[in-house]
1. Answer with yes or no whether residue 177 is under 28 Å from the mean Cα position of the chain (by Cα) and in a strand (DSSP E or B).
2. Cβ-Cβ distance below 7 Å, separation of 6 or more or different chains: which pairs start in the stretch 70-85 with a residue that is touching a residue at least 12 places away in the same chain (Cβ under 8 Å) and end on one that is basic (Lys, Arg) and open to solvent by 10 Å² or more (accessible area, probe 1.4 Å)?
3. Evaluate the stretch 113-130: report whether one residue or more is part of a strand (DSSP E or B), under 30 Å from residue 237 (Cα atoms), of a type in the set (D, E, K, R) and open to solvent by 70 Å² or more (accessible area, probe 1.4 Å).
4. Just one of the numbered conditions (1) touching a strand residue (DSSP E or B) at 6+ places or on another chain (Cβ under 6 Å); (2) at pLDDT 90 or above is not true of residue 394; which one?
5. May I ask you to list the residues in the stretch 197-241 that are in contact with a Phe, Trp or Tyr (Cβ under 7 Å, 6 or more places away or on another chain), open to solvent by 10 Å² or more (accessible area, probe 1.4 Å) and within 15 Å of residue 65 (Cβ to Cβ)?
6. Take residue 318 and decide whether it is open to solvent by 60 Å² or more (accessible area, probe 1.4 Å) and touching an Asp or Glu at 6+ places or on another chain (Cβ under 6 Å).
7. Condition test on residue 90, is it closer than 17 Å to residue 164 by Cα, touching a residue at least 12 places away in the same chain (Cβ under 8 Å) and open to solvent by 20 Å² or more (accessible area, probe 1.4 Å)?
Amino acid sequence: MTVSAFAPETEERFALARQVADAVLFEGYVLYPYRASAAKNRLRWQFGVLVPPGWGAECEEHDFQHTECLMEPKAGATLSVEVRFLRARRRTVQQARPDGGYDTVPELRLSDRVLVPWDEGGQERVEVVASVDELLGDGVTYPFRLPAREDTEPVLDEAGRAVGRLVRRCEEISGRVRLSARELDGPYRVLRLTAVVENTSDWTPPEGRGADREAALPHSLVASHLLMALSAGSFLSMTDPPEWAKGAVAACRNLHTWPVLAGEPGRADLVLSSPIILEDHPAIAPESPGALYDALEIDEILALRTAALTDEEKREARGTDERAAAVIELADSMPPEVLERLHGAVRSLREVTGPGPAAPDGGFPDEHGVMRPDTPWWDPASDAGFDPAQDRVVVDGRSVGQGSRVELNPGLRRTDAQDIFLRGRTAKVEAVLHDVDGGVHLAVTVEGDPGADVRREQGRFLYFQPDEVTPLEDDV
């Protein structure tokens, strides 16, 4: 086994895959509104956290990741592995004293930002290169250790005077990478590759403190994931394997991670094993203007909301983290044409060749060539028999219409969380509506809602079916 920098061609392939791997690395790193004081930024890092084994027994997080996938290496092939993770850097804020000393403070206010204590994430990676032949049998094991360190950064005001400093401390972390391969029976030469990443740090919770995630994080591998590349040969897709390999793929064991083909589409010599389940050949959307650290949100919404933060909120975000400051700058400087591009994209269009489907009996095309039936699916004249302000419907033997008071009991199988939150609330019926399929819907405003008058004026109601309400009084 050799441990060294990757060959240039391997480094080039990894560079493309790292674009997606970085999104995994920083997923949830800092969330809107990008301030340390926000409740959702107080519980940090949710994916791929490998904790010290002495603490993992006391929590639901793990001290290892176990990846298995299938590969078809060519003779003399080597496997290059890159373990990537964040290392927590605990940052404290100190204010300068007149005598030249420093005092630790909860915040340090500057003209453009407010500095506060925070755990930054420093990128770390461990590289292992081994020939495929070395992986057979017992395989290879590569231990690694990152020593503790501390550094300081002066904080200067607008005039260039030192008004404080930031103290960053990293705790010692040790780990291990274990790689092995076993040839499988069958008509083709296929190897099952096993890659295990472990946190082997000997840190344990201080006496009397019990399970303390905040204390364990500086000794953890955060957002841990793997990139693996073959110099010659290919991997098999774990999500869409060939028919002959489906049984062998099903027998692979993947714990706390999932491997997918990565890198350039059409190639299969690179794998990303991620704690977030992805599809083969994942890619960053070309419309994305930059990292917003929340792939569960929509870039357009995040950019608009971020730009709408107050000046004071933006000052705190800039002082929270350099990456948060970059998000603020991105939102404030985004040109309209870039923001418009975030509104949406259609990716499923494809060229249609050959004749279209035969016209149905009695059908005829409209001006766009779309087939239309002789009988319209909806006749506007049929609306003449309905009046939302006057129509009524019988619910539990009582007549319900505009002005009726009801109690809301939304159905679990056809509603969303927002409707469920209204269970038991009282509401006023504003209209009784009929859809083209014969269904009846009650448009309501919730009693006690300060925006009810605005909703009524704009016709923006909440809608429930008759069996989701209970009448509270008879109408005269």
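1. For residue 177, the condition - under 28 Å from the mean Cα position of the chain (by Cα) and in a strand (DSSP E or B) - is met.
2. Short answer, once both residue conditions are applied: 70/192; 72/189; 82/125; 83/125; 84/125.
3. Within the stretch 113-130, one or more residues are part of a strand (DSSP E or B), under 30 Å from residue 237 (Cα atoms), of a type in the set (D, E, K, R) and open to solvent by 70 Å² or more (accessible area, probe 1.4 Å).
4. Failed condition: (1).
5. Selection gives 198 alone.
6. For residue 318, the condition - open to solvent by 60 Å² or more (accessible area, probe 1.4 Å) and touching an Asp or Glu at 6+ places or on another chain (Cβ under 6 Å) - is not met.
7. In short, yes.
This table checks each residue for (1) assigned to a loop (DSSP other than H, G, I, E, B); (2) charged (D, E, K, R); (3) surrounded by fewer than 19 Cβ atoms within 10 Å (Cβ to Cβ); (4) in contact (Cβ under 8 Å) with a residue 60 or more places away in the chain.
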residue: 247; (1), (2), (3), (4): no, no, yes, no
residue: 266; (1), (2), (3), (4): yes, no, yes, no
residue: 271; (1), (2), (3), (4): no, no, no, yes
residue: 284; (1), (2), (3), (4): yes, no, yes, yes
residue: 294; (1), (2), (3), (4): yes, yes, no, yes
residue: 303; (1), (2), (3), (4): no, no, no, no
residue: 306; (1), (2), (3), (4): no, no, no, yes
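The values are calculated or read from the model by the stated rules, or taken from the named source; none is laboratory data. Keep in mind that what you see is a predicted model, and the values were worked out from it rather than measured. All Cβ positions, even for glycine, are placed from backbone atoms using ideal geometry, and neighbour counts span all protein chains on display. Keep in mind that these areas ignore ligands, DNA and RNA; they rest on the heavy atoms of the full protein, side chains included. Shrake-Rupley method; radii C 1.70, N 1.55, O 1.52, S 1.80 Å.
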